[in-house]
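Below: the structure, in structure tokens.
Since every read-out is calculated from the coordinates, none of them should be taken as a lab result. What you see is a predicted model, and the numbers here were worked out from it, not measured in a lab. Ideal geometry is used to build each Cβ from the backbone, glycine not excepted, and the neighbour counts take in all protein chains shown.
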Amino acid sequence: MQRIIKFTFILILIFTIGIFYLSLKKDNNYSTVNLVGKKIHNVKLESFEEDKLFTLEDLKKNNFTLINFWASWCAPCRAEHPILMNLNKTQKLKMVGVNFKDKKKNAESFLNDLGNPYDFIARDELGKQSINFGIYGIPETILINKELLIIKKYVGPLNKQDYYKILEIVSNL
Amino acid sequence: MLSNLGNLLLFLSAFLSLSLIYFSFQCLKESQELIHSKIFQISLVQSTVILACFFTLIAAFIISDFSLINVYQNSHSAKPLLYKISGTWGNHEGSLMLWVIILVIFSFLFLIKNKLHPKKFRLYTLIFQNIIILGFLFFILFNSNPFTSISPVPKEGLGLNPILQDPALAIHPPLLYLGFVGSSIYFSAAMAALITDYSDKSFALSIKNWVLISWVFQTLGILVGSIWAYYELGWGGFWFWDPVENASLLPWFAMTALFHSLIVLEKRNLFYFWVIILCLMTFILSVTGTFLVRSGILNSVHTFASDPGRGIYILSFLSLLIFGSIFLFFKKYCAKNYSINSNSKETFVLINNWFMMFYLLTILIGTLYPIFTDALTDSKISVGPPFYNAVIFPVVVAFLIFMAVGPNTKWIKNRFDNLINLIIIAVVAIAINFAIFYFFKSYTILSNLIIISSLFLIISSLNDLIKSIKKSNIDLARIISHISFGFLVFFIGLNHNFSIERDLNMRVGETKKFHNYQIKFKNLKLKDYDNYKAIIGNLEVENIKLGDKKTLNPEIRIYENPRTLTYEAAIKTNFIKDYYLTMSNIDRSEFYNIKFQKKPMMIWIWISVLFLTLGGFLRIFKNAKNN
């Protein structure tokens, strides 16, 4: 009996130290970079205007969809807005804007002031839907293809280089 | 220059450690009972050298010698002198120096203070302690060297995190390390006792004051850390169940269990192997805590810049400690059947130990569980206050009752002849409790039970005090500690139940009312200080019912090196309550977010812990006198 106790005890300790060792090798900063190349799933976005849901089926209709997460209270979102407006001119790209933890009134006046680059606007008042996309701060933007694979992921505001890169990807097909 | 001197002194310390181990083994071979005087001398020189080494580092911080990477990264010439000095141990490398100093000085003091104990036991303790010292010296020399130089020499340092520029934080690490690292000496002593079969009550006598010293400082360290968190983190709480706070509590529970068990070993010669387990466990938990904090596995306010090499080194060292001690323990362990009466002091001490182990395991599991799930399943979970509060607090009720009854029991066999007395105390406790809740209107069963049980402990300890004064046989240390612990739980209970909290968005000139309170945002001031700028709010809090007005001045500070914003809470303390107010700006608006809290009995929580340690100090002095 005593042997079994000793043995189990040592095993537990080895296991714990093993876990410690494994944890050392892990990057413990939460990162969503590895989401690139993965499929998005479980998406149900509520429309901004009327009681309509936006689902995976809607996303499958487009060759490429750019999903941008924004809010009226977010300063960097303002900075990247002109780039989104330019991207809107590309026919091959559908643009979805997810309005993140925002008041409808503020969001509307934001779009009235700066222009509306989106083909579809969804609302995510509680910020929960955005988590399904692997979003942890805004602005963030993901580019997906017809198979719903995430091709690119941009954390922070889009810049000129990102703009050209997106155009390049979209026009290659 | 200082870099070379520091490195030289570090190498010298390592060499002295090696020679201490060598000469101790030489001395063990001889038959005489005396320890060579050269061992004492080397140990003294070792303490001097390591202190000199530490002062070299402090000097580098004082004169802002940025040729040392450590000084460059953690200091700045504009920093006030006190924080330049405390910056020495406010970083990973420097704090390790503090570790080694405590290891070395405790090693020396244990050697000279235990002259009545057998030579073999003392020498083996010295050997084990020096193995630990060497482990840490190598870690410093080859991985975390505070004396590494940088070229070309930078003109200015990178500064110290402004939230660390605080008097409480200047003394928090040294206090806590005295507890953490102090436990190394009874780890070494326990290993030595196992090897030399030193298994009677004199072993208890040799370590009991060391356990108390580390316990007292550990308690003070935790207290100062909590006070700092209370006024600096701006949240209004003092305990967050943050994994790193938990890491400091784990050895504390082991120590508390240990010095209670030591009484049984000393008086009744029982529980020897259990005492050994607790000795080993305390230091192992301390090193585990260090590993969790320094490796960067846990994220918290305590996390230093992480470096996997560091983690690997501490983990290897930890494994060595664990398996070394387990190997020796299993080799020497022989099962003993203790037959103790279920109604005796021995049993009550054992019950104390069960509770301590319960708390320890709960917190250990809560702390390690997220690490396990993350490593095994890649899912991130967090174990926080709801878990700890739900598991720990109901058990505290039973614990406090045992704590009240236990000290009055007799060794070997007890009879409850004071049952009526206990019932009277319980009735009084219940009556006071209902009076409190009747007047202040707040009600949950658990908080009632907690208040009742803490009052039960307080009153029965006071009763003990009166009885023992009559018999002129006062165990003041125990009574003070137990009463203070009762008061601690009592005040935490009141504080938890009767706190008021309000979040407001206010503009300058605005006045808002809620409950019996009115808050007036009078004006804002801008002030320039040496190393930061401050926006100071001027707010008046009025208790309308009592007509009592207090002015509070929360600050938003802008530090330059590195550029950081901090929010300083304004706190008005008096004997009954604290007003706690924080202010933060809302981007691009004239509104400020004002968070107001009324926290009853805050200061008494701190005072209770101070008295708890006072009990510990009294016991240390009494033991020293008796020896």
Any aspartates and glutamates with Cα under 15 Å of the A:LYS26 Cα? List them, leaving off those in the same chain fewer than 8 positions away.
-> B:ASP307, B:ASP374, B:ASP378
What is the projected area of the convex hull of the Cα atoms of the protein assembly as shown, averaged over all directions, in nm²?
-> 41.8
Computed over the range B:69-111, Cα set: Rg, Dmax in Å = 13.2, 43
Treating cross-link reach as a plain straight distance, find the aspartates and glutamates whose alpha-carbon is under 12 Å from the alpha-carbon of A:LYS104, omitting any fewer than eight places away in the same chain.
-> A:GLU49, A:ASP124, A:GLU125
Amide H partners (placed H, <5 Å) of B:ASP578, local residues excluded | B:LYS599, B:MET601, B:MET602
When B:THR444, B:THR564 are ordered from fewest to most other Cβ atoms inside 10 Å of their Cβ, what list results?
-> B:THR444, B:THR564
Given +1 on the Cβ of Lys and Arg, -1 on the Cβ of Asp and Glu, and no further charges, what dipole in debye does the range B:512-626 carry about its Cα centre, rounded to the nearest 20?
-> 480
Tell me, B:VAL391, B:VAL427 in order of fewest to most beta-carbon neighbours within 10 Å?
-> B:VAL427, B:VAL391
Taking only C-alpha pairs under 8 Å that are 6+ residues apart, what is the relative contact order of chain B in percent?
-> 11
Just need the relative contact order of the range B:1-162 here, percent rounded to a whole number, with Cα pairs under 8 Å and 6+ apart.
-> 38
Just from its helices, what would the mean residue ellipticity at 222 nm be for chain B, if runs of 4 or more DSSP H residues each count -39500 (n - 2.57) and the sum is divided by every residue, rounded to the nearest 500 deg cm²/dmol?
-> -22500 deg cm²/dmol
Please say if the range B:553-597 is rounded, prolate or oblate, where rounded means a/c under 1.5 for a ≥ b ≥ c the square roots of the C-alpha gyration tensor eigenvalues, and otherwise the choice is prolate for a/b larger than b/c and oblate otherwise?
-> oblate
What ³J(HN,Hα) values, in whole Hz, does the Karplus curve 6.51 cos²θ - 1.76 cosθ + 1.60 give for the range B:31-39 when θ = phi - 60°, with x put for Gly and Pro?
-> 8, 5, 7, 8, 8, 3, 5, 5, 5
Which longest run of chain A has no exposed loop site in it, a site being GluC sites (Glu not before Pro) in a DSSP loop with at most 12 other beta carbons within 10 Å, and the site itself not part of the run?
-> A:51-146
Using the 10 angstrom Cβ neighbour count as an exposure proxy, how do B:SER184, B:SER344 rank, fewest first?
-> B:SER344, B:SER184
Roughly how big is chain B's charge dipole about its Cα centre, with Cβ charges of +1 (Lys, Arg) and -1 (Asp, Glu), in debye to the nearest 20?
-> 1620
If you plug each phi of the range B:310-320 into the Karplus form 6.51 cos²θ - 1.76 cosθ + 1.60 with θ = phi - 60°, what whole-Hz ³J(HN,Hα) values come out, in order, with x for Gly and Pro?
-> 4, x, 4, 4, 5, 5, 5, 5, 4, 4, 4
Cα-based Lys pair tally, the range B:1-162, threshold under 18 Å, eight or more apart or on separate chains = 9
A student applying the Cα gyration tensor rule (rounded when a/c is under 1.5; otherwise prolate if a/b is larger than b/c, oblate if not) would label the range B:1-162 prolate
Percent antiparallel among DSSP beta bridges confined to the protein assembly as shown, rounded to 5, stands at 85
Karplus couplings for the range B:480-497 from phi (6.51 cos²θ - 1.76 cosθ + 1.60, θ = phi - 60°), rounded to Hz, Gly and Pro as x?
-> 4, 4, 5, 4, 4, 5, x, 4, 4, 5, 4, 5, 4, x, 4, 4, 5, 7
Normalised contact order of the range A:1-106, rounded percent, pairs of Cα under 8 Å and 6 or more residues apart = 20
If you stretched the chain out fully between B:PHE15 and B:ILE365, how much longer would it get, using 0.36 nm times the residue separation minus the C-alpha to C-alpha distance?
-> 122.0 nm
Pull out a ≥ b ≥ c, the square roots of the eigenvalues of the alpha-carbon gyration tensor of chain B, then state rounded if a/c is under 1.5, prolate if not and a/b is larger than b/c, and oblate in the remaining case.
-> oblate
Could you size up the charge dipole of the range B:476-573 around its Cα centre, putting +1 on the beta carbon of Lys and Arg and -1 on that of Asp and Glu, and report it in debye to the nearest 20?
-> 240
Rounded to the nearest 0.05, what FRET efficiency do B:LYS513 and A:ILE12 have when you use their Cβ-Cβ distance and R0 = 45 Å?
-> 0.20
Would you work out which of B:LEU446, B:PHE40, B:ALA60 lies farthest towards the positive end of the dipole of the protein assembly as shown? Charges go on Cβ: Lys and Arg +1, Asp and Glu -1.
-> B:PHE40
Farthest towards the positive end of the dipole of the protein assembly as shown, among B:SER342, B:ILE131, B:PHE498 and with Cβ unit charges of +1 on Lys and Arg and -1 on Asp and Glu, lies the Cα of B:SER342
Which listed residue (B:PHE259, B:PHE23, B:PRO154) has the Cα farthest towards the positive end of the charge dipole for chain B, taking +1 on Lys and Arg C-beta and -1 on Asp and Glu C-beta about the Cα centre?
-> B:PHE259
